[in-house]
Amino acid sequence: MTDAIVVGAGHNGLVAAAYLARAGLDVVVLESSPEIGGATRSEEAFPGFRFSVFSYLVSLLRPEVIHELDLVRHGLFLVPTASTLNPLPGGDCLFREADPQRTYRHIARHSRRDAEALFEYKLEMRRMGHLMYRLQRAAPDELAAAIGDRVVESAEHLDVEVSAEVADIARYFLDLPPARLRSFVQMLTMSSADFLGQWFESDVLKSALSSSSIIGSMLSPRTPGSAYVLLHHYMGEVDGVYREWGFQKGGTGAVAATIARAARSHGAEIRTQSPVARVLVSDGRAAGVVLANGDELRAAVVMSSAAPQISLGRLLDPGDIPGGAGLVERAARWQSGGCAGKVNLAISGLPRFECMPEPGPHLSGGITIAPGLDYVDRAYDDAKYGGFSERPFIDMIIPSVLDPDMAPPGKHVLSCFVQYAPYELAAGSWDEGQREAFGDAVVRTLAEYAPGIEDQILHRQVLVPPDIEAIAGIPGGNIFHGELRLSQLFLLRPDPAAAAFRTPLPGYYLCGSSTQFGGGISGGPARLAALRVLDDLRTADTAGGGGGETR
Amino acid sequence: MNGRVAVVGGGHNGLVAAALLARSGRDVVLLEARPELGGLASTRELIPGHRVDAGSHDLGMFRRSVMEELELGAHGLELIEAPAVAAVPATAGSSAVVLWPEVGRTVEGLGGVSRRDAAAWPGFVFELAERAAALEPLLSRPLELGDMGRLLIAPEVLRALSSSLDESLRERFENPSLLAGLCGVALPATGLGPRANGTGWPLLFHCALGGSDRLAPVVRAQGGAGALASALAASAAASGAEIRTGAAVSRILVDSGRVAGVRLADGERIEAGAVVSTATPSVTFLDLIGAALLEPRFVRRLLHVKYRGAAARLALSLDGLPAFRGLERPALTGRIVLAEQPDDIERAADAAKYGRLPDRPWIEAALPTALDPSLAPAGRHLLLATVHHLPFDLEGGWEAGRPQLLARVADELERWAPGIGGLVREHALLLPTDFEADYGATAGGLHHGEMNPSQSLWLRPSASAWAGEPLPASGLWLGGAGCHPGGGLTGLPGTIAAVSLLRG
């Protein structure tokens, strides 16, 4: 019998396994697909051309995960992508570079006031991001311990009295400077366009900054709730370690490989092609898993990195756990519809953007097609009625500029993250024809800003939410395993009865993107979940009985 | 110190505040710029011989306890509860749906449309009422510290704050007309399409204040909404308050950080130790106090209050009751929601986002004469069509937009009530710009500030503070819809202002 089983070998599953193994536990990771990485994977889609299939940039990876798992020694190699170019119609652009003075000048061309405000804005966002991060990190111990039980209790009955602990937490927030508290609470509910409108006047800059507020969410910058997603992406900027987005040499698949190496170095075993059918329950505790082929694998602890529809749905028999029926029902209405597609292009040479036709530093950074709030909003409108965006929002990088090994000499790979592409189309389904039409819309849009690119394309890979679902095993294909919104955050992520990584089934834990801390290649949820498991095992040990079967 | 209180604005909130303060023995003067009282809940002769409600006319959310305390019945207020809550007429492609206050009656009607929806209805009403009851205490008094905890432990309220009405209704119901009807109850004057996150909030808000035992009942005042204003004024006067109409306040006087009174447009100065302003935050601070006395950061906050959700009101005098397809007369007494499906409302909101008139405007109709024939001359009926989700800054301007809007509204009404065009004798139209010019509704927003979660609860100004900071002048109190708990004919902001002022 092993000590612990981790379901899923995405980056979070691997991080959890690495932490448990590092603490001396005997760990097995079970992955259904033939490859590890989940949504964090690279692939040689066309001979000589390597792509990060889904996730394409790294910014949220927690510094403590990097240090504690010694990921640099195991191969982590992040190249900063220091600039962002927003091409505009008519050959204009907004270019934000690493050099603040140059960025100031670029923005001042559009609005001097905005150029001034940007620095203050970044400081404030960093403060808020830090607050958010603190809240996320502190949550399991400070928040959940205090009110977790009450949340569960009150899910059905709302007229509960406010406990002293809850009041204490409220007081912690109220002790913040009022303006900051207000901004923070506001950010949980308002639209990013409104939020950015409090800081800036130029549509161009608001649109550029709002990109982070829609990534991975079926939201437009004008949809209430998008401001939180913006804040979520600023958590990657805290602690001053990796302030910028980074590109992993070899693509994001190499991040997964790195973490897997770290896990194996501590003795963890990773089995691919081992789909888990359900969690085994014995004496009211998780006792291991049953594989799809019927094999049983016993363990004292089971952790799942899968989305709630799987972790709290498919893998559990509601009869096995207290409140199981409610848990399964709530998991079924978890919002995790995908909204994004990925179009990976193999190209014969560097694209020539009308605003900056010659090769230059702008090609080694992010390039975003989001020329105005109306533009992005219209792209969203197409999708909300069940179509893909005719003129989509595109966030792209050219990984081969940063890492020449990604493409044959002189040739390049262009990775386009595209919104919006709904999981289900109102008219028809995502067949070959629709996929191609979507790919065409992307190329047509690119050609508006980089004329001639259509003739440079050698190969094209079009991936839509059902592909993300099929390949990465995320129901609905949402890259965050579930939308980042107030009803799916903090202690409600993924469920009030399964907050803080524990579930109502003793010995069964959650560690994926759908737990508090949320999505992105952060490793944050898995680290906290693993620490939670180790803590619980220690407590059980010192208490004598209980955890006796662990060893 | 001058013990007098000046109340700026004779809308229902100002009148409630004045009446409550006078009743507690305070020396009160209320100042209203217009000739009639009631503000956005006033009744005007917009069409000769007709009593037309200019703005809101549904008293379903008005506090019963305030009505009793102020003895509004004795002062002439008569309430009529509509037999129907909301109705969606049939169209060529959709069926009619009627929501009644009685659960059983609604279920019976729904049975003919969708068995599944009929079965789901009682549970929906029950759960909504339960959640609304949990929220109600937070809306009916100044917010307290512990309330934040109360929200933290109410996952369903958090869900309402962050999910979209469309998705939460679709978890239970399938019939498009039913879905549209519920959206039609929740979304008027919000400017938000049902697919926007946070739209669960207005429905919950409505139910919390509409009396939690039933789903948002429609209650009207005999003689029109202005009758509420008249009763409130009579009650206030009986307690000694001085009520002045035609008295436009042009300045709230501040001396060394303290309120000293107000100055009227004609130059008259009225001394007062306290001022309750029921104007919008923008009008109160930028126009009446003046940016010069405010900190830049406070001004910046003011400039970012969102007033979206403008509406137009078209009043039609008809030769008879129009025939809305599939609706019997009792069904015509409540809200009449003209949308076949939630996306009709969504598309109207889309157009407004880009500053355009929707191809098919979203109309909430009412036939007040179906309940109270005294509002129109014998043989005539009044139809009030509120066109929601309009842009305030219409591309091309409202001068050019007016005939377009009228034409599109006429087409839309004809689609829902064939032959209605032939019944129309006279009409009157109030545009978003009229609501701003006549009633001081900044940017035509009927709620004095968009009613979405990011401008609700702690994020809306309170009677005495905003964003945790005291108001910039002592002796100043806010009592309009722009402060907690917000818009709608509730009387609550006025009540909370009076209670806060009396408490000191």
Practice problem: Send over the semi-axes of the range A:27-91's equivalent ellipsoid, whole angstrom and largest first, taken as the square roots of 5 times the C-alpha gyration tensor eigenvalues. | Solution: 28, 20, 12
Self-check item: Prolate/oblate/rounded label for the range A:336-472 (Cα gyration tensor, a/c 1.5)
Solution: prolate
Exercise. Along Cα→Cβ, 7 Å out, is where each label goes; now give me the distance between the ones at A:ARG73 and A:ARG105 in nm to one decimal.
Key: 4.5
Self-check item: Whole-Å semi-axes of the range B:301-353's equivalent ellipsoid (Cα gyration tensor)
Solution: 31, 16, 10
Quiz item: Dipole of the protein assembly as shown, Cα-centred, from +1 at each Lys and Arg C-beta and -1 at each Asp and Glu C-beta, to the nearest 20 debye?
Solution: 1320
Practice problem: Go through A:LYS249/A:LYS411; B:LYS306/B:LYS353; A:LYS122/A:LYS249; A:LYS342/A:LYS384 and tell me which ones have a Cα-Cα distance over 24 Å in this structure. | Solution: A:LYS122/A:LYS249
Quiz item: Based on the alpha-carbon gyration tensor of the range B:166-283 and its eigenvalue square roots a ≥ b ≥ c, which shape applies: rounded if a/c is under 1.5, prolate if not and a/b is larger than b/c, or oblate?
Solution: prolate
Exercise. Of all alpha-carbon pairs in chain B, indicate the percentage at a distance above 34 angstrom.
Key: 32
Self-check item: Base-10 log of normalised Debye intensity for the protein assembly as shown (one unit scatterer per alpha-carbon) at q = 0.04, 0.07, 0.09 Å⁻¹
Solution: -0.21, -0.65, -1.05
Exercise. Could you point to the residue in A:GLY349, A:VAL376, A:GLY428 farthest towards the positive end of the range A:317-447's charge dipole, with +1 and -1 charges on the Cβ of Lys/Arg and Asp/Glu respectively?
Key: A:GLY349
Practice problem: Only Lys, Arg, Asp and Glu count, each charged at its Cβ (+1, +1, -1, -1), so figure out the dipole size of the range B:265-376 about its Cα centre, rounded to 20 debye. | Solution: 420
Exercise. Please find the FRET efficiency linking A:ALA332 to A:ARG538, where r is the Cβ-Cβ separation and R0 is fixed at 45 Å, and quote it to the nearest 0.05.
Key: 0.80
Exercise. Please sort A:525-532, A:469-476, B:238-245 by packing, taking for each peptide the average over its residues of neighbouring beta carbons within 10 angstrom, highest first.
Key: A:525-532, A:469-476, B:238-245
Practice problem: Name the residue farthest towards the positive end of the dipole of chain A from the options A:GLY337, A:ALA497, A:PRO451, assuming +1 on Cβ of Lys and Arg, -1 on Cβ of Asp and Glu, about the Cα centre. | Solution: A:PRO451
Self-check item: Cα convex hull volume per residue for chain A (Å³)
Solution: 148
Practice problem: Kindly tabulate the residues in the range A:178-197 with an accessible-area decrease of at least 40 Å² between the chain alone and the assembly of all protein chains, using a probe of 1.4 Å. | Solution: A:PRO178, A:ARG182, A:THR189, A:ASP194
Self-check item: Share, in percent, of DSSP beta bridges within chain A that are antiparallel, nearest 5
Solution: 70
Practice problem: Evaluate the charge dipole of the range A:336-472 about its Cα centre and quote only its size in Debye, nearest 20, assuming +1 on the Cβ of each Lys and Arg and -1 on the Cβ of each Asp and Glu. | Solution: 180
Practice problem: Subtract the Cα-Cα distance of B:SER374 and B:LEU303 from 0.36 nm times their separation in residues, and report this length gain in nm to one decimal. | Solution: 21.2 nm
Quiz item: Projected onto the charge dipole of chain A (+1 at Lys/Arg Cβ, -1 at Asp/Glu Cβ, origin at the Cα centre), which of A:ILE468, A:LEU219, A:HIS110 gives the Cα projection farthest towards the positive end?
Solution: A:HIS110
Quiz prompt | chain A: Cys lacking any partner C-beta under 4.7 angstrom | solution = A:CYS339, A:CYS416, A:CYS511
Practice problem: Round to the nearest 0.05 the FRET efficiency obtained for A:GLU64 and B:ARG263 when R0 = 60 Å and r is the Cβ-Cβ distance. | Solution: 0.45
Quiz item: Under 12 Å Cα-Cα from A:LYS206, which aspartates and glutamates qualify once same-chain neighbours fewer than 8 residues away are excluded?
Solution: A:ASP114, A:ASP194, A:ASP374
Practice problem: Would you mind classifying the range B:225-314 by shape? Square roots of the alpha carbon gyration tensor eigenvalues, ordered a ≥ b ≥ c; an a/c under 1.5 is rounded, otherwise it is prolate if a/b is larger than b/c and oblate if not. | Solution: oblate
Quiz item: Can you tell me the Rg and Dmax of the range A:402-551, counting just the alpha carbons, in angstroms?
Solution: 22.1, 71
Practice problem: Give me a single rounded figure for A:484-491: the average over its residues of other chain Cβ atoms within 10 Å of their Cβ. | Solution: 5
Quiz item: What number comes out for the charge environment of B:GLY396, summing +1 per Lys or Arg and -1 per Asp or Glu over other residues with Cβ under 13 Å away?
Solution: -1
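The values are calculated or read from the model by the stated rules, or taken from the named source; none is laboratory data. Quantities reported herein were computed from a predicted structural model and do not represent experimental measurements. Cβ atoms come from the backbone with ideal geometry, glycine included; neighbour counts cover every protein chain shown. Note: accessible area is taken over every heavy atom of the protein model, side chains too, but ligands, DNA and RNA are not part of it. Shrake-Rupley method; radii C 1.70, N 1.55, O 1.52, S 1.80 Å.
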